[in-house]
(Lines give C-alpha, C1' and ligand atoms only; values in the text may rest on other atoms or scores of the structure.)
Protein backbone atom coordinates (compact mmCIF):
# COMPACT_ATOMS: atom_id res chain seq x y z
CA UNK A 1 0.00 0.00 0.00
CA UNK A 2 1.45 3.36 -1.05
CA UNK A 3 1.30 6.64 0.85
CA UNK A 4 2.53 10.16 0.11
CA UNK A 5 2.61 13.41 2.06
CA UNK A 6 2.83 16.90 0.56
CA UNK A 7 3.41 20.16 2.44
CA UNK A 8 2.19 23.50 1.07
CA UNK A 9 3.31 26.83 2.61
CA UNK A 10 1.06 29.78 3.39
CA UNK A 11 1.26 33.08 1.53
CA UNK A 12 1.13 36.83 2.12
CA UNK A 13 0.39 39.45 -0.51
CA UNK A 14 2.80 42.36 -0.22
CA UNK A 15 1.09 44.54 -2.81
CA UNK A 16 -1.15 44.38 -5.88
CA UNK A 17 -4.43 43.31 -4.25
CA UNK A 18 -6.75 44.71 -6.93
CA UNK A 19 -4.24 45.62 -9.62
CA UNK A 20 -3.39 41.97 -10.28
CA UNK A 21 -7.03 41.28 -11.14
CA UNK A 22 -6.70 43.69 -14.08
CA UNK A 23 -3.40 42.29 -15.34
CA UNK A 24 -1.02 44.52 -13.36
CA UNK A 25 1.91 43.17 -11.29
CA UNK A 26 1.68 41.74 -7.79
CA UNK A 27 4.36 40.92 -5.23
CA UNK A 28 3.77 38.06 -2.82
CA UNK A 29 5.62 35.92 -0.32
CA UNK A 30 5.43 32.30 0.83
CA UNK A 31 5.59 31.81 4.61
CA UNK A 32 6.62 28.87 6.76
CA UNK A 33 3.26 27.77 8.08
CA UNK A 34 2.00 24.72 6.26
CA UNK A 35 -0.96 22.67 5.20
CA UNK A 36 -0.11 18.98 5.02
CA UNK A 37 -1.92 16.47 2.80
CA UNK A 38 -1.41 12.73 3.29
CA UNK A 39 -2.91 10.30 0.76
CA UNK A 40 -2.88 6.53 1.23
CA UNK A 41 -4.19 4.03 -1.31
CA UNK A 42 -7.05 1.89 -0.04
CA UNK A 43 -8.62 -1.28 -1.39
CA UNK A 44 -12.21 -0.05 -1.00
CA UNK A 45 -14.40 2.68 0.43
CA UNK A 46 -13.94 5.46 -2.12
CA UNK A 47 -12.32 8.64 -0.84
CA UNK A 48 -12.32 8.81 2.97
CA UNK A 49 -11.66 12.42 4.00
CA UNK A 50 -10.30 13.52 7.38
CA UNK A 51 -9.65 17.19 8.05
CA UNK A 52 -8.66 18.91 11.29
CA UNK A 53 -11.24 21.66 10.58
CA UNK A 54 -14.12 19.17 10.24
CA UNK A 55 -15.78 17.75 13.37
CA UNK A 56 -15.91 14.28 11.79
CA UNK A 57 -14.66 12.38 8.77
CA UNK A 58 -16.61 12.40 5.52
CA UNK A 59 -16.68 10.30 2.38
CA UNK A 60 -16.80 11.71 -1.11
CA UNK A 61 -19.45 9.21 -2.16
CA UNK A 62 -21.90 10.60 0.43
CA UNK A 63 -21.57 14.19 -0.82
CA UNK A 64 -24.06 15.63 -3.30
CA UNK A 65 -23.24 17.96 -6.19
CA UNK A 66 -24.06 21.08 -4.19
CA UNK A 67 -21.70 20.08 -1.38
CA UNK A 68 -18.91 19.32 -3.85
CA UNK A 69 -19.29 22.70 -5.56
CA UNK A 70 -19.20 24.59 -2.24
CA UNK A 71 -16.47 22.79 -0.28
CA UNK A 72 -12.83 22.99 -1.51
CA UNK A 73 -11.78 19.59 -0.16
CA UNK A 74 -14.77 17.79 -1.70
CA UNK A 75 -14.25 19.71 -4.94
CA UNK A 76 -10.59 18.74 -5.36
CA UNK A 77 -11.11 15.16 -4.12
CA UNK A 78 -13.87 14.64 -6.69
CA UNK A 79 -11.57 15.88 -9.45
CA UNK A 80 -8.51 13.92 -8.27
CA UNK A 81 -10.41 10.66 -7.97
CA UNK A 82 -11.22 10.67 -11.68
CA UNK A 83 -8.30 12.61 -13.17
CA UNK A 84 -5.62 10.48 -11.51
CA UNK A 85 -7.61 7.20 -11.56
CA UNK A 86 -7.48 6.81 -7.79
CA UNK A 87 -10.84 5.29 -6.82
CA UNK A 88 -10.05 4.47 -3.18
CA UNK A 89 -7.93 6.79 -1.04
CA UNK A 90 -7.64 7.79 2.57
CA UNK A 91 -7.01 11.57 2.63
CA UNK A 92 -5.87 13.34 5.80
CA UNK A 93 -5.48 17.12 6.11
CA UNK A 94 -3.63 18.96 8.85
CA UNK A 95 -3.32 22.72 8.60
CA UNK A 96 -1.41 25.51 10.31
CA UNK A 97 -3.15 28.01 8.00
CA UNK A 98 -5.98 29.47 10.05
CA UNK A 99 -8.83 30.31 7.69
CA UNK A 100 -9.37 33.67 9.45
CA UNK A 101 -5.99 35.15 8.59
CA UNK A 102 -5.86 35.09 4.80
CA UNK A 103 -2.83 32.80 4.55
CA UNK A 104 -4.18 30.78 1.61
CA UNK A 105 -5.77 27.81 3.33
CA UNK A 106 -8.18 26.85 0.55
CA UNK A 107 -5.65 27.23 -2.27
CA UNK A 108 -3.10 25.23 -0.27
CA UNK A 109 -5.70 22.51 0.15
CA UNK A 110 -6.42 22.22 -3.57
CA UNK A 111 -2.75 22.39 -4.55
CA UNK A 112 -1.69 19.88 -1.91
CA UNK A 113 -4.30 17.28 -2.86
CA UNK A 114 -3.51 17.63 -6.57
CA UNK A 115 0.24 17.26 -6.06
CA UNK A 116 -0.17 14.36 -3.65
CA UNK A 117 -2.54 12.59 -6.05
CA UNK A 118 -0.09 13.10 -8.93
CA UNK A 119 2.76 11.69 -6.82
CA UNK A 120 0.66 8.76 -5.64
CA UNK A 121 -0.52 7.80 -9.12
CA UNK A 122 2.79 8.32 -10.93
CA UNK A 123 5.30 7.33 -8.25
CA UNK A 124 7.25 10.58 -8.01
CA UNK A 125 10.14 10.75 -5.56
CA UNK A 126 10.07 14.54 -5.94
CA UNK A 127 7.72 16.91 -7.75
CA UNK A 128 8.88 17.97 -11.25
CA UNK A 129 8.52 21.66 -12.07
CA UNK A 130 6.08 21.03 -14.91
CA UNK A 131 3.79 19.00 -12.62
CA UNK A 132 3.99 21.75 -9.99
CA UNK A 133 2.78 24.37 -12.48
CA UNK A 134 0.15 22.06 -13.98
CA UNK A 135 -1.27 21.47 -10.50
CA UNK A 136 -1.20 25.20 -9.78
CA UNK A 137 -3.17 25.87 -12.98
CA UNK A 138 -5.75 23.22 -12.07
CA UNK A 139 -6.06 24.62 -8.54
CA UNK A 140 -6.52 28.11 -9.95
CA UNK A 141 -9.36 26.96 -12.21
CA UNK A 142 -11.05 25.31 -9.25
CA UNK A 143 -10.57 28.48 -7.19
CA UNK A 144 -12.31 30.52 -9.87
CA UNK A 145 -15.37 28.28 -9.67
CA UNK A 146 -15.92 29.45 -6.09
CA UNK A 147 -14.32 32.92 -6.33
CA UNK A 148 -14.79 34.33 -9.80
CA UNK A 149 -12.47 37.33 -9.37
CA UNK A 150 -9.49 35.32 -8.09
CA UNK A 151 -6.13 36.03 -9.73
CA UNK A 152 -4.28 32.86 -8.71
CA UNK A 153 -1.32 34.76 -7.20
CA UNK A 154 -1.84 32.77 -4.00
CA UNK A 155 -1.65 29.28 -5.48
CA UNK A 156 1.30 30.34 -7.65
CA UNK A 157 3.16 31.65 -4.60
CA UNK A 158 2.44 28.49 -2.65
CA UNK A 159 3.54 26.28 -5.53
CA UNK A 160 6.88 28.03 -6.12
CA UNK A 161 7.85 29.54 -2.75
CA UNK A 162 10.06 32.55 -2.06
CA UNK A 163 9.12 36.05 -3.18
CA UNK A 164 7.01 36.06 -6.35
CA UNK A 165 6.91 39.01 -8.75
CA UNK A 166 4.20 38.24 -11.27
CA UNK A 167 2.23 39.93 -14.01
CA UNK A 168 -0.65 37.63 -14.94
CA UNK A 169 -1.68 36.51 -18.40
CA UNK A 170 -5.25 35.32 -18.00
CA UNK A 171 -5.44 34.01 -21.56
CA UNK A 172 -2.48 31.70 -20.93
CA UNK A 173 -2.27 31.55 -17.14
CA UNK A 174 0.15 32.15 -15.49
CA UNK A 175 2.05 33.58 -18.47
CA UNK A 176 5.77 34.19 -18.73
CA UNK A 177 6.14 37.39 -16.65
CA UNK A 178 7.18 35.59 -13.49
CA UNK A 179 10.22 35.94 -11.22
CA UNK A 180 11.05 34.04 -8.05
CA UNK A 181 13.32 35.91 -5.62
CA UNK A 182 15.24 34.86 -2.53
CA UNK A 183 13.15 36.06 0.45
CA UNK A 184 16.05 36.35 2.91
CA UNK A 185 16.76 40.11 2.40
CA UNK A 186 13.14 40.99 3.27
CA UNK A 187 12.83 38.78 6.34
CA UNK A 188 14.15 41.31 8.91
CA UNK A 189 11.50 43.86 7.92
CA UNK A 190 8.32 41.74 7.97
CA UNK A 191 6.05 40.99 10.91
CA UNK A 192 2.54 39.54 10.61
CA UNK A 193 -0.10 40.33 13.22
CA UNK A 194 -3.41 38.48 13.39
CA UNK A 195 -6.43 38.20 15.65
CA UNK A 196 -8.51 41.13 14.42
CA UNK A 197 -12.08 41.11 13.20
CA UNK A 198 -11.27 39.18 10.04
CA UNK A 199 -13.13 39.63 6.79
CA UNK A 200 -14.78 37.34 4.23
CA UNK A 201 -12.57 37.99 1.21
CA UNK A 202 -15.24 37.71 -1.47
CA UNK A 203 -17.52 40.25 0.20
CA UNK A 204 -14.74 42.68 1.05
CA UNK A 205 -12.80 42.22 -2.17
CA UNK A 206 -15.83 42.74 -4.36
CA UNK A 207 -17.00 45.80 -2.43
CA UNK A 208 -13.63 47.53 -2.44
CA UNK A 209 -12.95 46.70 -6.08
CA UNK A 210 -16.32 48.19 -7.07
CA UNK A 211 -15.74 51.26 -4.91
CA UNK A 212 -12.33 51.84 -6.52
CA UNK A 213 -13.95 51.76 -9.94
CA UNK A 214 -16.87 53.99 -9.01
CA UNK A 215 -14.61 56.59 -7.37
CA UNK A 216 -12.39 56.81 -10.44
CA UNK A 217 -9.30 55.85 -8.44
CA UNK A 218 -8.34 52.70 -10.33
CA UNK A 219 -5.59 54.29 -12.43
CA UNK A 220 -4.16 56.08 -9.37
CA UNK A 221 -4.16 52.80 -7.49
CA UNK A 222 -2.40 50.88 -10.28
CA UNK A 223 0.31 53.54 -10.43
CA UNK A 224 0.67 53.56 -6.63
CA UNK A 225 0.87 49.76 -6.55
CA UNK A 226 3.63 49.76 -9.17
CA UNK A 227 5.61 52.30 -7.11
CA UNK A 228 5.27 50.10 -4.04
CA UNK A 229 6.57 47.09 -5.96
CA UNK A 230 9.60 49.06 -7.14
CA UNK A 231 10.31 50.12 -3.56
CA UNK A 232 10.03 46.53 -2.29
CA UNK A 233 12.55 45.47 -4.93
CA UNK A 234 14.88 48.29 -3.92
CA UNK A 235 14.60 47.16 -0.31
CA UNK A 236 15.40 43.63 -1.45
CA UNK A 237 18.50 44.87 -3.30
CA UNK A 238 19.74 47.48 -0.81
CA UNK A 239 19.11 45.71 2.52
CA UNK A 240 17.22 48.44 4.32
CA UNK A 241 18.41 51.59 2.61
CA UNK A 242 15.15 51.86 0.64
CA UNK A 243 12.87 51.43 3.68
CA UNK A 244 11.94 55.16 4.05
CA UNK A 245 10.89 55.31 0.38
CA UNK A 246 8.86 52.12 0.77
CA UNK A 247 7.10 53.67 3.78
CA UNK A 248 6.18 56.76 1.76
CA UNK A 249 4.89 54.71 -1.16
CA UNK A 250 2.78 52.40 1.03
CA UNK A 251 1.32 55.46 2.78
CA UNK A 252 0.37 57.00 -0.57
CA UNK A 253 -1.27 53.76 -1.64
CA UNK A 254 -3.14 53.42 1.65
CA UNK A 255 -4.57 56.95 1.41
CA UNK A 256 -6.46 55.86 -1.72
CA UNK A 257 -8.40 53.35 0.41
CA UNK A 258 -9.18 55.42 3.47
CA UNK A 259 -12.72 56.38 2.42
CA UNK A 260 -13.55 53.02 0.83
CA UNK A 261 -15.57 50.18 2.42
CA UNK A 262 -14.03 48.14 5.21
CA UNK A 263 -10.96 50.32 5.67
CA UNK A 264 -9.80 49.78 9.31
CA UNK A 265 -9.76 53.49 10.18
CA UNK A 266 -9.47 53.19 13.96
CA UNK A 267 -6.62 50.72 13.70
CA UNK A 268 -4.51 53.03 11.54
CA UNK A 269 -5.36 56.05 13.67
CA UNK A 270 -3.80 54.27 16.63
CA UNK A 271 -0.73 53.29 14.58
CA UNK A 272 -0.29 56.91 13.48
CA UNK A 273 0.41 57.85 17.10
CA UNK A 274 3.55 55.70 17.17
CA UNK A 275 6.88 57.44 16.43
CA UNK A 276 8.25 57.00 12.94
CA UNK A 277 5.02 55.79 11.34
CA UNK A 278 5.22 56.06 7.53
CA UNK A 279 8.76 57.41 7.88
CA UNK A 280 11.02 54.70 9.30
CA UNK A 281 8.39 51.93 9.39
CA UNK A 282 4.85 51.41 8.14
CA UNK A 283 1.91 49.00 8.09
CA UNK A 284 -0.71 47.61 5.72
CA UNK A 285 -3.44 45.01 5.62
CA UNK A 286 -2.43 41.79 3.86
CA UNK A 287 -5.71 40.70 2.30
CA UNK A 288 -8.05 42.13 -0.31
CA UNK A 289 -9.57 44.42 2.32
CA UNK A 290 -10.81 44.31 5.89
CA UNK A 291 -8.49 43.02 8.58
CA UNK A 292 -7.44 39.50 7.62
CA UNK A 293 -3.99 40.32 9.00
CA UNK A 294 -1.77 43.34 9.52
CA UNK A 295 1.74 43.54 8.14
CA UNK A 296 4.23 45.69 10.04
CA UNK A 297 7.11 46.70 7.80
CA UNK A 298 10.26 47.68 9.65
CA UNK A 299 12.68 46.24 12.17
CA UNK A 300 11.54 44.93 15.57
CA UNK A 301 13.16 47.95 17.21
CA UNK A 302 11.40 50.43 14.91
CA UNK A 303 7.99 48.81 15.35
CA UNK A 304 8.13 47.94 19.05
CA UNK A 305 5.60 50.57 20.13
CA UNK A 306 3.24 49.65 17.30
CA UNK A 307 3.47 45.97 18.24
CA UNK A 308 2.62 46.81 21.85
CA UNK A 309 -0.34 48.89 20.70
CA UNK A 310 -1.65 46.11 18.49
CA UNK A 311 -1.32 43.67 21.40
CA UNK A 312 -3.48 45.92 23.57
CA UNK A 313 -6.16 45.78 20.87
CA UNK A 314 -6.17 41.99 20.71
CA UNK A 315 -3.70 41.42 17.88
CA UNK A 316 -0.71 39.13 18.28
CA UNK A 317 2.42 38.46 16.28
CA UNK A 318 2.18 35.33 14.15
CA UNK A 319 5.57 33.59 14.25
CA UNK A 320 6.18 33.20 10.52
CA UNK A 321 9.22 33.64 8.32
CA UNK A 322 9.61 33.64 4.54
CA UNK A 323 9.55 30.16 3.04
CA UNK A 324 12.23 29.69 0.41
CA UNK A 325 10.61 26.57 -1.08
CA UNK A 326 7.09 26.01 -2.35
CA UNK A 327 4.90 22.92 -2.17
CA UNK A 328 7.01 19.80 -1.85
CA UNK A 329 6.80 16.06 -1.41
CA UNK A 330 7.46 15.63 2.28
CA UNK A 331 7.47 11.82 2.27
CA UNK A 332 6.52 8.86 0.14
CA UNK A 333 6.45 5.24 1.30
CA UNK A 334 5.42 1.78 0.23
CA UNK A 335 3.68 0.06 3.12
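The values are calculated or read from the model by the stated rules, or taken from the named source; none is laboratory data. Since the structure is predicted, the reported quantities are computational estimates derived from the model, not experimental observations. Cβ placement follows ideal geometry from the backbone for every residue including glycine, while neighbour counts extend to all protein chains displayed.
Some notes on this structure:
- From 327, 252, 242, residue being buried (at least 21 other Cβ atoms within 10 Å of the Cβ) and touching a helix residue (DSSP H, G or I) at 6+ places or on another chain (Cβ under 9 Å): 327
- Meets criteria (crowded, with 22+ Cβ neighbours inside 10 Å and in contact with a strand residue (DSSP E or B) (Cβ under 9 Å, 6 or more places away or on another chain)) for residue 183: no
- In the stretch 61-71 there is no residue matching the filter, namely being out of contact with any helix residue (DSSP H, G or I) (no Cβ under 9 Å at 6 or more places or on another chain), assigned to a strand (DSSP E or B), surrounded by fewer than 19 Cβ atoms within 10 Å (Cβ to Cβ) and free of Cβ contacts under 8 Å to residues at least 40 places away in the same chain.
- Of all residue pairs spaced 6 or more apart or on separate chains, those with beta-carbon atoms under 7 Å, a first member in the stretch 265-280 that is more than 12 Å from residue 296 (Cα to Cα) and a second member that is at pLDDT below 95 and part of a helix (DSSP H, G or I) are 270/309; 274/309.
- Of all residues in the stretch 143-159, those that are within 19 Å of residue 37 (Cα to Cα) and surrounded by fewer than 24 Cβ atoms within 10 Å (Cβ to Cβ) total 1.
- Here residue 221 meets the list (1) under 30 Å from residue 301 (Cα atoms); (2) buried (at least 16 other Cβ atoms within 10 Å of the Cβ); (3) modelled with pLDDT under 95 almost entirely, failing just condition (1).
- Residue in the stretch 21-60 that is nearest to the chain's Cα centre (by Cα), counting only those that are assigned to a helix (DSSP H, G or I) and under 30 Å from residue 183 (Cα atoms): 21
- Selection within the stretch 8-20: residues that are over 9 Å from the mean Cα position of the chain (by Cα) and within 15 Å of residue 162 (Cβ to Cβ). The member of this set that is modelled with the highest pLDDT is 8.
- The residues in the stretch 270-305 that are touching a strand residue (DSSP E or B) at 6+ places or on another chain (Cβ under 6 Å) and in a helix (DSSP H, G or I) can be counted, and the count is 1.
- Selection count where residues are farther than 15 Å from residue 321 by Cα and modelled with pLDDT of 95 or more, scope the stretch 285-305: 5
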